[in-house]
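Reading through the structure tokens given below for one structure.
Please treat every number below as a calculation from the coordinates, not as lab data. Here the structure is a predicted model, which is why all the values come from computation and not from measurement. Cβ placement follows ideal geometry from the backbone for every residue including glycine, while neighbour counts extend to all protein chains displayed.
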Amino acid sequence: MRKLFGTDGIRGVAGEYPLDRKTVFAIGRALGHHLPAGPRRVVIGQDTRESSTWISAVLAGGLTESGIQVQSAGVITTPGVAYLTHTNSFSAGIVISASHNPWQDNGIKLFGHDGYKLPDATELEIETEIFALLNSLTTTEVREQPLAAHVGLHSAYVNWLAHPIAGAEKLRAVVDCANGAASAVAPEVLNRSGITAEYTHNAPNGRNINENCGALHPEVVGREVVARKADLGICFDGDADRVLFTDQAGNVINGDAVMLLLGRELKQRGALSRDTVVATTMSNMGLEIALRDSGITMLRAPVGDKYVLEEMQKSGAVLGGEQSGHIILSREATTGDGLLTAMRVLEIIAAGGKPFPELISGLKVFPQTIKNVKVREKRPLDQVPEIAAAIQKAEQELDGNGRVNVRYSGTETLARVMVEAEKEETVHRLASSIAAAIDKVVGATSS
């Protein structure tokens, strides 16, 4: 099992292991050694956290030590780095970001030369070398390589995304940039679409990323939409690989609803390969039913956009995503891209003149709750009798009229308990029961 890499790169508290200077430098050197023969060039992008600049510099120092040429795209979205990597012949792309986590955290995400996230096996190989380097590396060997942003890289990504959208001038939107990477990109892209947009939470100070805003708190932009009498709200997370929306009444339109909207539109155009959409184990049963009623099959993958993409490649699907707002349009991008998704949604709304509720009609959302339990260790859930029994009891009570999904977060020390059922009371009661069993055995405060 990988010890450093989670479902989305290496993540932790900036300045602490594994994001202390020595380990970050080792990560740079190890990655440099694993790059294929060729140009041996790497592009680095970052979000707006105050730690992102020094982490980039230390990582670049390690890469340079391994003979790698490093260029910076500056503050840019995660999918922006993926795009630049495969369109500019870079050997790899690196994003310094902890996505939706608070500002104290940070992370290192890696893309291969093709713009796809690295396979688990490759990450494990890199990990092995990182640990070997840490055994011999001294703090005095750690060097920084400060990077100046290459303006042309930023422009290349913006120019790829931005274009006028017919009818967009009739729409007014409120756009929440989460004080993150979207602050540096979204206004350029969306303004060129022709939409009238007002921007909120687009003044990052290094410590306000995701703070009561963005895709973690879509209700915030929803209130702004109602107050400003706009047509819709758009909100990104810290690195803008996710996007959520709200309708003009402030109701949240999550990733499930966006997949339904995009799936129907692609099917209507005959562009939905195999009439299949890939979601995750967390997607609502209501989405599966609404897609089925539209003649579309829904497959489920484990949580994590890299696993959604793997299932898409295996099944031949061209649309997939997560309830949280990661939407993958694989004919156009190698990873989830919040800005690309926003542009496609705006095109559909502008072309048809229909509001969100009409576009996602037929989506009956089953009551669902997700309870997070902070854990001190991640013991296999099926090997802990008390937890396994609680899950089995809940599934027996639901008897097929609902779902239970319990898993550990790949990026945080949390167990996530998701329960879905026809009645709200059942959902909360069963989720609380399972969460209590987890807390009792492996909870952070239990002994």
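What the table shows:
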quantity: Per-peptide average of other Cβ atoms within 10 Å, ordering 386-392, 57-63, 186-192, 47-53 highest first; calculated: 57-63, 47-53, 186-192, 386-392
quantity: Computed E for Thr413/Ile370 - FRET, C-beta separation, R0 22 angstrom, nearest 0.05; calculated: 0.85
quantity: Within straight-line cross-link reach of Lys354, aspartates and glutamates at Cα separation under 12 Å, skipping those fewer than 8 residues along the same chain; calculated: Asp231, Asp247
quantity: Most to least packed among 265-271, 80-86, 354-360 [average Cβ atoms within 10 Å]; calculated: 80-86, 354-360, 265-271
quantity: Peptide ranges 105-115, 433-443, 418-428 listed from the most packed, as the mean C-beta count within 10 angstrom indicates; calculated: 105-115, 433-443, 418-428
quantity: Two-site label geometry, Glu422 and Gln383: point separation in nm, points 7 Å out along Cα→Cβ; calculated: 3.9 nm
quantity: Partners for Lys109 among lysines (Cα-Cα distance below 30 Å; same-chain residues under 8 apart left out); calculated: Lys3, Lys22, Lys117, Lys306, Lys314, Lys371, Lys374, Lys378
quantity: Added length on full extension, which subtracts the Cα-Cα distance from 0.36 nm per residue, Ser361 to Ser432; calculated: 22.4 nm
quantity: Dipole magnitude of the chain, debye to nearest 20 (Cβ charges: Lys/Arg +1, Asp/Glu -1, about Cα centre); calculated: 220 debye
quantity: For segment 1-124, with +1 on Lys and Arg beta carbons and -1 on Asp and Glu, the positive-most of Ser97, His34, Tyr17 along the dipole; calculated: His34
quantity: Fewest-first ranking of His217, His33, using other Cβ atoms within 10 Å as the exposure measure; calculated: His33, His217
quantity: Residues Ser446 and Glu65, FRET efficiency given R0 of 60 Å [Cβ-Cβ distance, rounded to 0.05]; calculated: 0.85
quantity: Average Cα contact separation per residue, segment 341-429, under 8 Å, 6 or more apart, as relative contact order %; calculated: 34 percent
quantity: GNM result for the chain, Cα springs below 10 Å: residue of Gln383, Gln323, Gln248 fluctuating most strongly; calculated: Gln383
quantity: Ranked list, fewest to most other Cβ atoms within 10 Å of each Cβ, for Met343, Met259; calculated: Met343, Met259
quantity: Dipole in debye (nearest 20) - segment 170-263, about Cα centre, beta carbon charges: Lys, Arg +1; Asp, Glu -1; calculated: 320 debye
quantity: Inverse of mean 1/r across different Cα pairs in the chain, Kirkwood, Å; calculated: 22.5 Å
quantity: Positive-end extreme of charge dipole, segment 230-354 - chosen from Leu299, Val278, Gln268 (charges on Cβ); calculated: Gln268
quantity: Stretchable slack from Asp399 to Ala351, in nm (0.36 nm times residue separation minus alpha-carbon distance); calculated: 13.0 nm
quantity: Relative contact order [Cα under 8 Å, 6+ residues apart], the chain, whole percent; calculated: 13 percent
quantity: Cys235, Cys213, Cys177 arranged by Cβ crowding within 10 Å, fewest neighbours leading; calculated: Cys213, Cys177, Cys235
quantity: Antiparallel bridge percentage (DSSP; both residues within the chain; nearest 5); calculated: 55 percent
quantity: Distance cut-off 20 Å, percentage of C-alpha pairs in segment 368-442 lying past it; calculated: 22 percent
quantity: Computed [θ] at 222 nm, deg cm²/dmol, the chain (DSSP H ≥ 4; -39,500 (n - 2.57); rounded to nearest 500); calculated: -12000 deg cm²/dmol
quantity: Global geometry of segment 5-154, whether rounded, prolate or oblate, following the gyration tensor of its Cα atoms and the 1.5 cut on a/c; calculated: rounded
quantity: Cα→Cβ-extended label distance, 7 Å offset, between Glu332 and Tyr17, nm; calculated: 4.4 nm
